[in-house]
Amino acid sequence: MITIAIDTMSGDFGPRVTVPASVRALSFLSDINLLLLGDNDAIQKELAKLHCDSNHRLRIVHTTQTVAMSDKPLHVLRNCKDSSLYRGIALLAEGEVQGFVSAGNTGAMLVIGHHLLKMFDGIDRPAICAPIPTVNGKTFLLDVGANVDVDAKNLHQFAVMGSVLAAAILNIPQPRVALLNVGVEDIKGNEQVQQAAALLQADSALHYTGFIEADQIFFDTVDVAVCDGFTGNVALKASEGAARLIRQYLSQAFKRKWIFRVLGVLVAPILNAFRSSINPSRYNGASFLGFTSTLVKSHGSADANAFFHAIEVASVEAKANIPKKINEKLQSVLLKRGSET
């Protein structure tokens, strides 16, 4: 059994979403315990609605402060030590829990993580890694928002961490790693991407496949796509918007004429499966890679279903001990570099 801490006060909807998602997680994930951090009365109110007043696998830790999305990260670090966000990361640092999930302030999570959690040797900055749906499964994209400006060395570090995560989650020995670029030709890209390509090409521990354009991420051409946080965040948000547009268009299309409604009934199983496969909520839960503990960020606008998937991500990564595997890979890379020099 592992214990996952939940920031119930986070996101746009707070306990109205995080508490039902947590109760659902207890039903579907039989080998986890949950620690719900937040206002005790608000949490109890939601539990009562769900007729889940008591559960031996669920415990509440009362906190008195809530971090807003607009709060400055340094203000949170200095003045919000009894918030559900700060307390959750503190419990993670103390080893009281094996994973932490929040839909809260990303900047605050990064700053508090830097302050309380250890970073791996050989990693300069953490990266946020998000799963992207593909025709045959998923691809991991990083960074999607932690680092707007990076250098080639950072991109190489992201590639190593993303490769370890993909190998463990997708159960493949050598994940295909590519650099997100404006073209696939060797001459394309800015200086940092060109320098990163040289580093990845020289790293025999990585299965580097070259450059990839954003539209190819969805067609199972790579397992890990690496980029800076600005590019990754734009790519992620654009793909989520496209998925919502397709789902909305299909729904409207089958309501326009009676014949379309009849056809809609006939192909409903196929349509439902398709809508589900491109539903962004199924892929909610981005991992902070680089810290020595499992820290997962949910979308702030996540509904209960989406937040449940973020808890599921934390559970899978904590049970697979992804941080330990990343550290082992990093140390072998550093040891190899040392012997070469």
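The values are calculated or read from the model by the stated rules, or taken from the named source; none is laboratory data. Keep in mind that what you see is a predicted model, and the values were worked out from it rather than measured. No Cβ is skipped: glycine too gets one built from the backbone with ideal geometry, and neighbour counts run over all protein chains shown. Remember, those area values only see protein heavy atoms, side chains included, never the ligands or the DNA or RNA. Shrake-Rupley method; radii C 1.70, N 1.55, O 1.52, S 1.80 Å.
Structure above, values below:
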item	result
Matching option when the condition is crowded, with 23+ Cβ neighbours inside 10 Å, on the phi < 0 side of the Ramachandran plot and within 13 Å of the chain's Cα centre (by Cα), among Ala159, Ala178, Ala130, Ala108	Ala130
Any chance Gly300 is at pLDDT 65 or above, open to solvent by less than 30 Å² (accessible area, probe 1.4 Å) and within 30 Å of Leu110 (Cβ to Cβ)	yes
Which listed residue, of Val184, Val222, Val193, is outside any helix (DSSP H, G or I) and open to solvent by less than 30 Å² (accessible area, probe 1.4 Å)	Val222
Residue among Thr18, Thr3 that is assigned to a helix (DSSP H, G or I), over 18 Å from Ile112 (Cα atoms), β-branched (Val, Ile, Thr) and in contact with an Asp or Glu (Cβ under 8 Å, 6 or more places away or on another chain)	Thr18
Residue list for the stretch 25-51, filter: in contact with a Pro (Cβ under 9 Å, 6 or more places away or on another chain) and part of a loop (DSSP other than H, G, I, E, B)	Asp39, Leu50
His75 vs. criteria part of a loop (DSSP other than H, G, I, E, B) and free of Cβ contacts under 8 Å to residues at least 12 places away in the same chain	no
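Listed here are the residues, each with its yes/no results for (1) in contact with a helix residue (DSSP H, G or I) (Cβ under 7 Å, 6 or more places away or on another chain); (2) surrounded by 16 or more Cβ atoms within 10 Å (Cβ to Cβ); (3) without any contact (Cβ under 8 Å) to a residue 40 or more places away in the chain.
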{"position": "Phe28", "(1), (2), (3)": "no, no, no"}
{"position": "Asn55", "(1), (2), (3)": "yes, no, yes"}
{"position": "Ala68", "(1), (2), (3)": "no, no, yes"}
{"position": "Tyr86", "(1), (2), (3)": "yes, yes, yes"}
{"position": "Met119", "(1), (2), (3)": "no, no, no"}
